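A short write-up of the structure that comes next.
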Amino acid sequence: MTALVADVTVYGGGPSALMVTHELAARGLSVALVGPAPAGAWPVVAEGGIDDGSDPAAHARDTLLGGDYLAARAPVRAMCEHAASLWTWLGKAGVPFMRDEQGKPLRRRLEGTLSTRAVFVEARTVAIVTDLLDRALAAFGGKVTRLGHHALTTLARDDDGAVVGCVVEDRTSGDRVTIASNAVVIATGGIEKSFAPSPAALATESALAVCMRAGAVLANLELLQPSIAIWRESGSPGPRRFLCASLRGEGARVWLPRHADDARPGREIPKAERDYLGPADGDMDASALTDHRVAEQLLARFAAGGGVWDRELRTTRKLAFLDVSHLPRAHLTTRAGSELSQIARLSGADPFLEPLLAMPSLTCRLGGLWVDHATNASGAMLLDSPRTHATSLAGLYACGGACHQYHGAGRIGGNGLVADLFGAHAAAVGAMAYRAACIGNSRTASVSGAMTTALDNAVTLQNTGSTSSERSVPRLHEELRATLSAHVGLTSDNDRGRVDNDKLTALLGALDLLGEAALKAPSDSSISSATAHREFADCLLLARVTAHSARARAESRGVFVRVDGGRERPRDVLAILTDGGAIQLLDSVRYQSAGAHHERSASIDPDGLDDPMPPGNQRASDLDAAHSPTFDAKEPTP
Amino acid sequence: MSQQARKLELDVHRQDGPDSAARWQRYKVEFTARTTVADALDALALSSTSAPVAYTDGCLASACGSCTMLVGGRPLPACTTLLAELAPTRGPLRLAPLRKFPVVRDLLTSRTRLRATSARLHAYLETPAFSAKDEPKVTSDSHSALAEASALEQASVLEQASVPEQASVPEQPRSAPAHGTGATLAERIALARCTGCGACIEVCPETRQHGGFLGAAAIAAQRLVELSPGANAARSTRLARLTEPGGIHDCGSSGACVEACPESVPLDTALANAHADASSAFWRTLFRR
């Protein structure tokens, strides 16, 4: 067993985790950066680009509207006001944002806004940003200790309940490492193994489950954002590529044949016989439509008998056309050339000539660890506060997809990376303020006691597996994914991905059965096998929270579509685990941190800013549709 | 194109841990023209009741490089390599971990080496914390924020104008910042496509599991930094590191890396530039003597 000491522990491995680490180390702190993945591996998100921050007011309006007024305003305003300098900062960090011959930045228009504000590098902005941040950490030398391929097993808490470190475990050897630190930041992202398309996916929800078992509050876990993904078939259990944001930003259209039994290849179907979703052909300026709205419409069409099949491969899921063939080849080649040629190779179809096959797919969880923010007298976010990005456990911080901040009930295209990086900066500043407030009260004895308790609690799960079972852990993961998709997610025939209480009751029953099956799942004596079992248990816990949270949200809001129920004031659904292991929903979060008590209600208050008030019973997406005279002609009647 | 499912035997390298003995395990898989190596491994994981073959797929879009393995002896990303392109006409197809990176388990290797080599060549920009002094004023007037942002950006674009190491060099024209437009920007973008998959290190005759040439990825990373704004700060350090043992002098110019790079990163240009920089540095020291 190894014992490490660092000022702050960061758990994660993607852009958020690297940014927090950078921000802490650049301010002189020592950081232990620990992640579940081996070095240099991350899921691809936010490939479309990053909002340039040129119009903070419009950016904030788009963000709040896209999130259906569920996002707290002060943090959104702060993020939008910092977006311009974030872009500048990324440029200085070496990100080669694309420019024209005159040196003027190229921009594309991403979902959820009427203006063209996203700067980008082809269709791999996030991969390049992540890679450069990863390399930049070398500048801090020994200040940053990196540990890949380790699972977070327990948080160490002192007598006052403050998080003073954690225990992590090598995912192959099982060797434990204790890390004592003043604060722990969770940055493990928002799309997790429950919904991941592949058994070998890196992302796990374990960190969220570990924090929840330690008493942290989770917010809005029922909010699952669908998007349109390029379909790539084979024996694979799910879609493989989310290129849609970039392509739609360049003017790609989503459409279905008007006649459900039209078996012609897409390119042979004349325009008049195409049912375009979203704004009229070529009129991308007409609507600030978000992808989740298009996904919803697609599911409604599928339920009504529409949709195309991949006839070559006889797939079981209905698909739609994602079409760039009407766009100038030179334009596309400059802006997404290498990705399009890869798609051409893998799909066997030339995207410049033929519509691609795409499908609605869940791309991220908008909820996560509940995090706080502090405001000044005029209602603006106070970054330099221990409350910034603080979870309900003192000393535990979260940012990026792992927390619930910024996106509300719907994430707009240009915000993926802005929210991750700004949130990471804010979490670093918040954790530093907390550390400054705590420093001086020496707690060495208390920390070592906390660590011993944490180690005692980090008992490796005993495998009770029998070889007679047919269902391996990867198989159970796949069943969980399918179950969640059918009940709270998306399937071709589930009528807009709608949720009702019968479905949720069925889901909870199905989850219980999966839990029982997991106890019987085959395992060998290896640590990897034990880790896989434990991570499945973590996924199950969060799936249960998702079901309970979905039941608690009695209205449709943003990405969450409920069959019954009216319209309420925006509020977060907050969940906590009781000592008995039951999931309990809260009306407010009360917590103590850095010697002060805090309380925040689940209701989203306007924080005194002069944004437009939530418009009564209207859904943000309805308001969005009202922007657009050409849209909505074929809106299905619910 | 025929979508008839074909059958294939896979011989997969199994190894429980870094120090465990390795063995080959044979699997039978079905594949079509569009089945990737990752798809086949995932299908095996779902159908088998024994411990699944360990490998990682981070992004599934050949952007993170983490699933690179030897497919039939060639280092390729499992996520975007089609079985149909590689399936041998007879005998099984072998899947093995990269040889020049330590095995974690099965096909999973630790690639920390890539980060270490780029750190050794000082292939990074020292970026200050994202701090308040860079931030536009918090204001309700969006136009002033925009103006300030463009001013900041302009400043960063023009940083190239001063070259501290060669004070006598005249200022570059303000209108055409070299790293921000045209061919240089195109090269930066092409270099930034490097996913750190390790294929270049795997095929290089001069790299070893320990020591030897640092590899083309690090040279390309250094070249990317060289072309970036703010590159002047550590130029002499980078040049010094480039000419140390393991640096560019250990490159044998086999060209294997250029062939192997799945993202067509312009490694040839990067290596040629590194050779040129190193030799001009050599001549400079010679004449200074």
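The values are calculated or read from the model by the stated rules, or taken from the named source; none is laboratory data. None of the values given here were measured: they were computed from a predicted structure. Glycine gets a Cβ as well: all are built from the backbone with ideal geometry, and neighbour counts include every protein chain shown. Just the protein is used for accessible areas: all its heavy atoms, side chains included, with ligands, DNA and RNA removed. Shrake-Rupley method; radii C 1.70, N 1.55, O 1.52, S 1.80 Å.
Peptides A:118-130, B:96-108, ordered by how many other C-beta atoms sit within 10 Å of their residues on average, highest first, read A:118-130, B:96-108.
Comparing the full protein assembly with the isolated chain (1.4 Å probe, heavy atoms, ligands and nucleic acids excluded), the residues of the range A:99-116 losing at least 20 square angstrom of accessible area are A:R99, A:E101. Close amide H contacts of A:L4 (hydrogens built in the peptide plane, cut-off under 5 Å, sequence separation of 5 or more or a different chain): A:T178, A:I179, A:A180.
Across the range B:101-113, rounded Karplus estimates of 3J(HN,Hα) from the backbone phi angles (6.51 cos²θ - 1.76 cosθ + 1.60, θ = phi - 60°) give 10, x, 6, 8, 6, 6, 9, 8, 10, 8, 10, 4, 3 Hz, Gly and Pro being marked x. Other protein chain C-beta atoms within 10 Å of residue C-beta, averaged over A:124-134: 6. Across the range A:292-307, computed HN-Hα scalar couplings (Karplus, 6.51 cos²θ - 1.76 cosθ + 1.60, θ = phi - 60°) run 5, 5, 5, 4, 4, 4, 4, 4, 5, 5, 4, 4, 8, x, x, x Hz from first to last residue, x flagging Gly and Pro.
Extents of the range B:216-260, largest first, come to 32, 21, 10 Å (Cα atoms, principal axes, whole angstrom).
Can you give the net charge of the other residues whose Cβ lies under 13 Å from the Cβ of B:K7, counting K and R as +1 and D and E as -1? Here the charged neighbours net out to +2.
Once phi is turned into θ = phi - 60°, what whole-Hz ³J(HN,Hα) does the Karplus curve with 6.51, -1.76 and 1.60 give for every residue of the range A:171-176, x standing for Gly and Pro? Residue by residue, the range A:171-176 yields 6, 9, 8, x, 5, 8 Hz.
Since only A:A84, A:S115, A:A187 are under comparison, the one whose Cα sits farthest along the positive direction of the charge dipole of the range A:74-191, derived from C-beta charges on Lys, Arg, Asp and Glu, is A:S115.
In this structure, the amide hydrogen of A:D275, modeled 1.01 Å from its nitrogen in the peptide plane, lies closer than 5 angstrom to those of A:L256, A:R258, counting only residues at least 5 positions away or on a different chain. In terms of its C-alpha gyration tensor, the range A:1-147 comes out prolate, because a/c is 1.5 or above and the ratio a/b outweighs b/c.
Suppose we look only past 15 Å in the calculated P(r) of the range A:291-394. What percent of the Cα-Cα pairs does that tail hold? Walk me through the numbers before you get to the answer.
On the way: 4040 of 5356 pairs.
Of all Cα-Cα distances in the range A:291-394, 75 percent exceed 15 Å.
D by Stokes-Einstein for the range A:473-577, Kirkwood Rh over Cα pairs, 37 °C, 0.692 mPa s: 220 µm²/s. Backbone amide hydrogens, once placed in the peptide plane, bring A:V185 within less than 5 Å of A:T9, A:V10, A:Y11, A:Y397, excluding anything fewer than 5 places away on its chain. Across the range B:6-110, the volume of the C-alpha convex hull divided among the residues equals 95 Å³ per residue.
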